[in-house]
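Here the structure comes first, spelled out in structure tokens, and everything after it is commentary.
The values are calculated or read from the model by the stated rules, or taken from the named source; none is laboratory data. Just so we're clear, the structure is a prediction, and the values are computed from it rather than from any experiment. All Cβ positions, glycine included, derive from the backbone under ideal geometry; neighbour counts span all protein chains shown.
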Amino acid sequence: MKLKIIPLLQVIIYACMGSLIQTTLTYPATTFTIPVIVIATISITGTGIVLLGGLVFRLTNTSISPLNPHKANQLITRGIYHYSRNPMYVGFLLILFAWCLYLGNLITMLIPVLFVWSMTYLQIIPEEKALETLFGNEYKQYCQTVRRWV
């Protein structure tokens, strides 16, 4: 199965949606301010998680392509993948959440929720089906011990 959703592109699209909401739907009752240090910490943490997830793929020398999960030559369950089956998507979520906090508009806080929904149903579930086909019971057991998101 070849997937057609590029996760990073989804992040960019949702971030642009947040910017559009911020410029068109800003009302005094919907705005807030969060200290920049908090936003930066969340963003840096998300970036670190994405990089750690990518590093494990690189060190394992298997396919990192989210569009072609069937090309994986081994199941990664170590490192950050011991805590989340999708740490790179968790990292993207944190970056997107930080962006929405930076925008300071309550309405934009719906964007991370939409991101989780779309990633789960358009990306993760098809990936999981492909990985289950590839790795069978090993993948099923991994799913029973490690959560999808966190």
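If you take the residues in region 126-150 that are without any contact (Cβ under 8 Å) to a residue 60 or more places away in the chain and among the charged types (D, E, K, R), which one is nearest to Ile44 (Cα to Cα)? That would be Glu128. In region 9-31, of all residues being touching a helix residue (DSSP H, G or I) at 6+ places or on another chain (Cβ under 7 Å) and hydrophobic (A, V, I, L, M, F, W, C), the one that is nearest to Pro87 (Cα to Cα) corresponds to Val11. Report whether or not Glu132 is of a type in the set (D, E, K, R) and either in contact with a His (Cβ under 7 Å, 6 or more places away or on another chain) or buried (at least 17 other Cβ atoms within 10 Å of the Cβ) (or both). No: the conditions fail for Glu132. Within region 10-26, is even one residue closer than 26 Å to Leu131 by Cα, buried (at least 19 other Cβ atoms within 10 Å of the Cβ) and not hydrophobic (A, V, I, L, M, F, W, C)? Within region 10-26, one or more residues are closer than 26 Å to Leu131 by Cα, buried (at least 19 other Cβ atoms within 10 Å of the Cβ) and not hydrophobic (A, V, I, L, M, F, W, C). Look at region 80-109: where a residue is without any contact (Cβ under 8 Å) to a residue 24 or more places away in the chain and a partner is among the hydrophobic types (A, V, I, L, M, F, W, C), sitting 6+ places away or on another chain with Cβ atoms under 7 Å, you get Met109/Cys100. Among residues belonging to region 49-69 that are in a helix (DSSP H, G or I), over 14 Å from the mean Cα position of the chain (by Cα) and free of Cβ contacts under 8 Å to residues at least 40 places away in the same chain, point out the one that is surrounded by the most Cβ atoms within 10 Å (Cβ to Cβ). This residue is Val56. Can you find even one residue in region 28-45 that is aromatic (Phe, Trp, Tyr), without any contact (Cβ under 8 Å) to a residue 24 or more places away in the chain and assigned to a loop (DSSP other than H, G, I, E, B)? The answer is no; no qualifying residue exists. Out of Leu51, Leu110, one residue alone is among the hydrophobic types (A, V, I, L, M, F, W, C), modelled with pLDDT of 95 or more and within 30 Å of Leu134 (Cα to Cα). It is Leu51. If I filter region 79-96 for residues that are at pLDDT 95 or above and farther than 30 Å from Leu134 by Cα, do I get at least one hit? Yes, that holds for at least one residue. When every residue of region 118-125 is checked against the conditions, at least one turns out to be in contact (Cβ under 8 Å) with a residue 60 or more places away in the chain, surrounded by 19 or more Cβ atoms within 10 Å (Cβ to Cβ) and not basic (Lys, Arg).
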